[in-house]
Amino acid sequence: MTAAADPVLVATSRVRRKLSWQTIADHAILIAGSLLMILPVFAAFMTIGASDVDISRHGMQFTDGSHLAENFSKALFIQGGFTGAITGSTMLLNSFILGIGFAIGKIVFGMMAAYAIVYFRLRFATFAFWVIFTTLLLPLEVRILPTYEVVHGMGLINTYTGLIVPLVASATATFFFRQFFLSIPEELVEAARIDGAGPVKFFIDILVPLSRTMIAAIFIIMFVYGWNQYLWPTLITTDEAMFTLVRGIKQIYQSIDGGSDIPEFGRALALAFIAILPPVLVVVIFQSWFVKGLVESDK
Amino acid sequence: MVHVALKSISKVYPNGVRAVHPTSFDIDEGEFIVLVGPSGCGKSTLLRMIAGLEEITEGELSIAGRVVNDIDPAQRDIAMVFQNYALYPHMTVYNNMAYGLRNRGMAKAAIDDAVTTAATMLNLTEFLSRRPSQLSGGQRQRVAMGRAIVRNPALFLFDEPLSNLDAKLRGQMRIEIKALQRRLGVTSVYVTHDQVEAMTMADRIIVLNGGRIEQIGTPAEVYHQPASTFVASFMGAPPMNLLPAHYNGNGRVHLSETVHIEAPVTADYSGQIKLGVRPENVGIVDPAHPDALRFDLEFVEELGAGRLLHGKLGDSGLIVHIPHTDPIPGGDVYVGLPKSALVMFNHETGMRL
Ligand SMILES: Nc1ncnc2c1ncn2[C@@H]1O[C@H](COP(=O)(O)OP(=O)(O)OP(=O)(O)O)[C@@H](O)[C@H]1O
Ligand SMILES: [Mg+2]
């Protein structure tokens with residue numbers, strides 16, 4: 001049988017070939033994109049394994065793995081900085097406190113504000129919402145000097161409170177939760193009223209569990225956002241014991257720069273690598289929860 | 001015994017819409033009341049005022065002898081079944097039913113008892129650990145019923161509970177709900193815009209139109225003795241025939257200059273009327289019959305159990321329902337309007353004479 005004798009076969013194989021070309025193109029783009037993202041991290045990781053002398057002489061290293069463990073443990077456990085009062089693990093802890101505190105603060109305040117706006121007959125609820133909403137136009141970077149002044153005046157420099165609270169004060173979470181609450185059917189609220197659930201019970205028993213997906217999504221975004229904060233922590237923490245990772249890497253590198261030794265490139269790179277991990281883990285873990293919630297959700 | 005009493009209850013929404021005009025009626029213990037009417041006539045508003053979900057603008061509502069105007073829905077001793085079921089999506093069937101009881105501080109064993117009993121009654125036992133999303137529409141509907149039953153309320157309220165189900169299931173659930181209500185003997189108010197549901201389920205039907213009561217009566221009364229042309233054309237499919245006619249108090253109804261028949265009632269009125277007759281009460285008669293009226297048959301609608309003959313009586317349209325055992329009449333067709341089945345309505349006000 002020739003191909004010409006069987007037009008159906010020709011047609012299907014052509015469709016199949018066209019499809020596979022498209023698939024290859026798609027994958028090529030995705031692979032290129034992934035490489036673009038991963039290669040710098042990979043290069044950094046490989047370089048951690050080399051000695052500082054080699055790094056400062058030859059730049060990036062890919063073959064020497066002998067100093068890997070040493071550099072990681074130096075990064076985490078050896079004290080550094082100007083005062084020598086900070087280790088990588090303390091900075092890691094500070095970063096976690098900032099990231100988690102910030103994300104939880106956002107979620108708790110955002111949910112409660114949205115709850116009040118959506119479910120209570122407040123006279124100026126809409127007005128209040130728009131006032132809260134305008135804070136989106138005033139991110140911390142814009143109001144950084146007055147905010148610093150306030151935090152300083154309250155004696156909150158070098159405290160976790162001073163680090164977290166000013167960042168929490170913005171409307172993003174309130175906005176998302178408001179939109180979500182508005183999509184919850186009115187009948188559900190009424191059923192709960194008949195079932196004798198007061199405002200607090202309704203919030204805890206019905207609204208919070210229904211918002212799981214939303215909470216997971218906002219947690220991901222906010223944790224990463226908080227973790228990656230640079231400007232505000234730089235301004236508000238002068239005590240090295242309060243440094244977060246993102247802010248502290250530079251500090252460790254700098255302090256050595258001032259000395260006569262070779263800069264501890266390996267240590268700084270190890271620290272940078274460690275700084276990447278938690279946001280990645282949070283995204284991976286919460287993503288699956290988030291997707292599961294999306295698939296299962298029904299209102 | 002009067003169980004629920006509405007005294008001049010009215011509702012004006014904050015935006016000024018008067019959804020319910022002052023309305024009064026009593027509901028007896030164990031009675032099944034159906035509120036029926038077209039969309040937007042205020043059925044839900046009235047029901048939600050009884051439930052306490054909507055504030056009563058004016059009037060007084062009492063349930064089981066207690067004025068409940070200012071009492072919270074949870075304290076009114078009512079249970080409500082919603083159109084979209086309103087089940088808690090994150091809770092299992094068991095917890096959906098148990099939630100209200102827990103909030104009342106009922107003991108765990110008693111809750112378990114109540115839920116198990118209700119689940120058995122509704123054939124839900126095997127689904128108790130499922131989430132609502134893992135149930136079919138009919139099963140969800142039953143869970144919503146279960147949630148109402150476990151509360152053992154003084155009053156059941158239903159707001160179009162079957163309108164999300166397909167026709168077959170609706171028919172089945174209709175019977176189940178009615179049987180359940182009979183068995184439990186709980187006073188019920190049921191809102192629907194489906195007149196078949198109203199006819200089949202109600203002990204008494206309340207027909208609402210534009211926020212006002214048009215008629216209160218048993219299904220038979222509402223069907224055969226409609227209080228107004230609105231009720232006549234709302235209840236029944238096809239609706240009651242309404243023929244324009246003239247009545248001048250001399251005992252005859254004039255369908256035209258030459259055609260007149262005996263009036264069903266003597267009314268102190270003369271002028272334009274509408275003469276009402278149900279399609280199944282119109283009979284095909286012999287031309288020789290003294291009250292035979294010439295009917296111009298236009299087309300026949302086959303229903304299986306019967307046939308609808310569409311045509312004209314003089315200038316006005318008439319629908320005749322004949323059993324499927326009767327032959328489709330051919331040639332000149334004559335119909336008779338039996339006196340006992342006729343109702344007369346005031347042409348202007350639409351009220352029955
Ligand atoms: N919250 C509200 N604010 C203002 N007007 C309302 C409100 N709810 C209902 N209405 C109005 O009140 C009237 C009656 O509404 P209701 O919901 O009681 O109608 P219904 O008979 O239940 O209709 P349907 O069969 O469509 O459910 C309508 O004209 C409606 O527009
Ligand atoms: Mg309604």
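The values are calculated or read from the model by the stated rules, or taken from the named source; none is laboratory data. Given the structure is predicted, the values throughout are model-derived calculations rather than measurements. So basically every Cβ, Gly included, is an ideal-geometry build from the backbone, and we count neighbours across all protein chains shown.
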Testing B:K11 on (1) surrounded by 14 or more Cβ atoms within 10 Å (Cβ to Cβ); (2) outside any strand (DSSP E or B); (3) more than 14 Å from chain A (Cβ to nearest Cβ); (4) within 16 Å of ligand 1 (Cβ to nearest atom), one condition comes back false. Which one is that? (2)
Being within 14 Å of another protein chain (Cβ to nearest Cβ), closer than 18 Å to B:L155 by Cα and touching a strand residue (DSSP E or B) at 6+ places or on another chain (Cβ under 8 Å) narrows it down to one residue among B:E60, B:E31, B:E54; which is it? B:E54
Any pair with Cβ under 7 angstrom, 6 or more apart, that starts in the range B:156-168 at a residue that is away from chain A (no Cβ under 14 Å) and ends at one that is more than 13 Å from ligand 2 (Cβ to nearest atom): B:L162/B:R170; B:L162/B:M173; B:L162/B:R174; B:L162/B:E197; B:L165/B:G137; B:L165/B:G138; B:L165/B:Q141; B:L165/B:M173
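Answer with yes or no whether B:N84 is at the interface with chain A (Cβ under 10 Å from one of its Cβ atoms) and closer than 26 Å to A:P199 by Cα. Show your work before the answer.
Numbers: at the interface with chain A (Cβ under 10 Å from one of its Cβ atoms): yes; closer than 26 Å to A:P199 by Cα: yes.
It is true that B:N84 is at the interface with chain A (Cβ under 10 Å from one of its Cβ atoms) and closer than 26 Å to A:P199 by Cα.
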Determine whether A:F127 is of a type outside the set (V, I, T) and closer than 19 Å to A:I221 by Cα. no
If we scan the range B:198-211, do we find a residue that is within 13 Å of ligand 1 (Cβ to nearest atom) and touching a Pro at 6+ places or on another chain (Cβ under 8 Å)? yes
Scanning the range A:194-214 for residues that are more than 7 Å from chain B (Cβ to nearest Cβ), more than 27 Å from the chain's Cα centre (by Cα) and either outside any helix (DSSP H, G or I) or of a type in the set (A, V, I, L, M) (or both) gives A:G198, A:V200
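Does B:G42 satisfy the condition of being within 16 Å of ligand 1 (Cβ to nearest atom) and within 14 Å of chain A (Cβ to nearest Cβ)? Outline the logic, then answer.
Working: within 16 Å of ligand 1 (Cβ to nearest atom): yes; within 14 Å of chain A (Cβ to nearest Cβ): no.
So B:G42 fails the test.
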Give me a count of the residues in the range B:99-126 that are more than 31 Å from the chain's Cα centre (by Cα) and surrounded by 22 or more Cβ atoms within 10 Å (Cβ to Cβ). 2
So is B:N84 within 16 Å of ligand 1 (Cβ to nearest atom) and surrounded by fewer than 22 Cβ atoms within 10 Å (Cβ to Cβ) or not? yes
Select from the range A:163-193 the residues that are facing chain B (nearest Cβ under 8 Å) and either within 29 Å of A:L138 (Cβ to Cβ) or of a type outside the set (G, A, S) (or both) and list them in ascending order. A:P185, A:E187, A:L188, A:E190, A:R193
In the set B:I206, B:I261, B:I177, which member is at pLDDT 95 or above and buried (at least 17 other Cβ atoms within 10 Å of the Cβ)? B:I206
I'd like to verify a number: residues in the range B:274-293 that are surrounded by 14 or more Cβ atoms within 10 Å (Cβ to Cβ) and farther than 13 Å from B:S233 by Cβ, how many? 10
With the structure loaded, tell me whether B:R76 is without any contact (Cβ under 8 Å) to a residue 40 or more places away in the chain and within 14 Å of another protein chain (Cβ to nearest Cβ) or whether it fails that test. no
Single match in B:A119, B:A107, B:A98 (criterion: within 14 Å of chain A (Cβ to nearest Cβ) and either free of Cβ contacts under 8 Å to residues at least 12 places away in the same chain or within 28 Å of B:L165 (Cα to Cα) (or both)): B:A98
Given the conditions (1) more than 15 Å from ligand 1 (Cβ to nearest atom); (2) in contact with a Phe, Trp or Tyr (Cβ under 8 Å, 6 or more places away or on another chain), and given that B:V36 satisfies all but one, which numbered condition is not satisfied? (1)
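I want to confirm something. Restricting to the range B:29-47 and keeping residues that are assigned to a helix (DSSP H, G or I) and near ligand 2 (Cβ under 9 Å from one of its atoms), which single residue is farthest from B:V196 (Cα to Cα)?
As a first pass, look at the range B:29-47 and keep what is assigned to a helix (DSSP H, G or I): B:43-47.
Filter once more, so that each one left must be near ligand 2 (Cβ under 9 Å from one of its atoms): B:43-45, B:47.
Numbers: B:K43: 16, B:S44: 18, B:T45: 22, B:L47: 20 Å.
Here the residue is B:T45.
Quick check on the range B:63-73: of everything there that is away from chain A (no Cβ under 14 Å) and in a loop (DSSP other than H, G, I, E, B), which residue is surrounded by the most Cβ atoms within 10 Å (Cβ to Cβ)?
First, pick out the residues of the range B:63-73 that are away from chain A (no Cβ under 14 Å): B:64-67, B:69-70.
Add one more test, that the residue is in a loop (DSSP other than H, G, I, E, B), and what stays is B:64-65, B:69-70.
Values: B:A64: 16, B:G65: 11, B:N69: 14, B:D70: 8.
By that ranking, first place goes to B:A64.
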